[in-house]
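Structure, as structure tokens:
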Amino acid sequence: MSAIICSKTVRNRYLPGCNMNRGNVTVNNVLDNIRYHLENEGFVVSQPFIFYPVSFDIIAKRDELLLIMKYVPNIFRITGEALEDFRLFSEYLHGSVMIFGNENRRGLLENGVMYSRDGIPVVTPETFIDWIKYDEGPCVYSMAGGVFARIDGNALREIRITRNLSIGELADKVGVSRKSIQYYESGHDAELDTALDLEEILEADIIRPINFVDKGMVDSKKRSARHSNLNEFQKSICDHFFSLGYDFRIFSKTMPFETITISEQLPFLTAIVDKKDNVKKRELTIKEIVDVSGAKSFMVTEESMKNDTDIPTFTLEEILSMQSPEEFLEMIM
């Protein structure tokens, strides 16, 4: 059977050939379509981040669910540095990251299948829209060893017992070992063809959708060593915050801010702006991110400047005058 699988509630389960026509579709078309469906389902959605280079394209929030999303036609055209920034940003904001794409190194991506790029979930835009509209994700995922389905092990065991089948009898019918059936009943996934054979023989649904929007958790021991990405002005800011007891994570050039400044697990998105930078574009981009995500942010500039947003802005002199975390929090909050 084809590995082209679509979500159960959308395509009456496993119907081959359900990929939509992707010809003549631009990045803006895709992002506009995704934003339209997110807004229809009650999400607050950012504008696409096209005026300042950012490693993600849009963010959206509904209640406690924060989605941080990137669309790229070929998923292997994202740099490892951008992926690291993407993941780091999501972890500290407790958001869920995902990439939308149309192809990888092996060819076109299929609807209803979850892929992965460096541990980040990847689906087609159509699969993601199905999840938004019907609240049911893909039922299968692809990895180097093949295409696999998520099995409900408890349901498999109960149905097998109800059908008066021993582990050995079911194994013979499916054409796998007894150990494999025990493996599936303990909650492990199965190759797609095997999972479909189990459903056909048992005349029951045991394949379950995959939750591909789990929130990332921060490893508090992880420390970025990319201090070399900063100029001397930016390093002096980070060093001062470090002397006050703050930790920080440093981004590459794929973000509109240089670091996340952290104290007692309260992160601040921190933009350290020198004279050469396009301050206005950065300011508006950060404002958009803050408004949707609810994150805290501040900017540091070499010289005093007019700020057209409500993002707290300090000069280097003001930052260096702060002698304690409490003094900083009093000024920024």
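The values are calculated or read from the model by the stated rules, or taken from the named source; none is laboratory data. Remember, predicted model here, so these are calculated numbers, not experimental data. Cβ coordinates were reconstructed from backbone atoms using ideal geometry, including for glycine residues, and neighbour counts include every protein chain displayed.
Looking at region 189-198, is at least one residue touching a residue at least 40 places away in the same chain (Cβ under 8 Å), assigned to a strand (DSSP E or B), of a type in the set (Gly, Ala, Ser) and surrounded by 23 or more Cβ atoms within 10 Å (Cβ to Cβ)?
Scanning region 189-198, I find at least one residue that is touching a residue at least 40 places away in the same chain (Cβ under 8 Å), assigned to a strand (DSSP E or B), of a type in the set (Gly, Ala, Ser) and surrounded by 23 or more Cβ atoms within 10 Å (Cβ to Cβ), so the answer is yes.
Quick one: would you say Asn33 is polar (S, T, N, Q), without any contact (Cβ under 8 Å) to a residue 60 or more places away in the chain and out of contact with any Gly (no Cβ under 8 Å at 6 or more places or on another chain)?
Working: polar (S, T, N, Q): yes; without any contact (Cβ under 8 Å) to a residue 60 or more places away in the chain: no; out of contact with any Gly (no Cβ under 8 Å at 6 or more places or on another chain): yes.
Against the criterion (polar (S, T, N, Q), without any contact (Cβ under 8 Å) to a residue 60 or more places away in the chain and out of contact with any Gly (no Cβ under 8 Å at 6 or more places or on another chain)), Asn33 does not qualify.
Quickly run through region 42-94 and pick out the residues that are under 20 Å from Asp118 (Cβ atoms) and of a type in the set (Ser, Thr, Tyr).
Ser55, Tyr71, Thr79, Ser90, Tyr92
Which one is farthest from Thr315 (Cα to Cα), of the residues in region 233-262 that are of a type in the set (Gly, Ala, Ser) and over 29 Å from the mean Cα position of the chain (by Cα)?
Out of the qualifying residues, it is Gly245.
Please determine whether any residue of region 122-132 is surrounded by fewer than 17 Cβ atoms within 10 Å (Cβ to Cβ) and not hydrophobic (A, V, I, L, M, F, W, C).
So far as region 122-132 goes, no, none of its residues is surrounded by fewer than 17 Cβ atoms within 10 Å (Cβ to Cβ) and not hydrophobic (A, V, I, L, M, F, W, C).
Say we look at region 176-198 and pick out the residues that are of a type outside the set (Ser, Thr, Tyr) and within 14 Å of Glu158 (Cβ to Cβ); which of these is modelled with the lowest pLDDT?
It comes out as Gly187.
Taking strands (runs of 3 or more DSSP E) that fall entirely within region 220-299, which contain at least 3 residues that are at pLDDT 80 or above and within 22 Å of Phe49 (Cα to Cα)?
Ranges flagged: 266-273.
Check Ser324, Ser297, Ser304 and return the single one that is in contact (Cβ under 8 Å) with a residue 40 or more places away in the chain, in contact with a strand residue (DSSP E or B) (Cβ under 9 Å, 6 or more places away or on another chain) and of a type in the set (S, T, N, Q).
Step by step, each of Ser324, Ser297, Ser304 is checked, and only Ser297 is in contact (Cβ under 8 Å) with a residue 40 or more places away in the chain, in contact with a strand residue (DSSP E or B) (Cβ under 9 Å, 6 or more places away or on another chain) and of a type in the set (S, T, N, Q).
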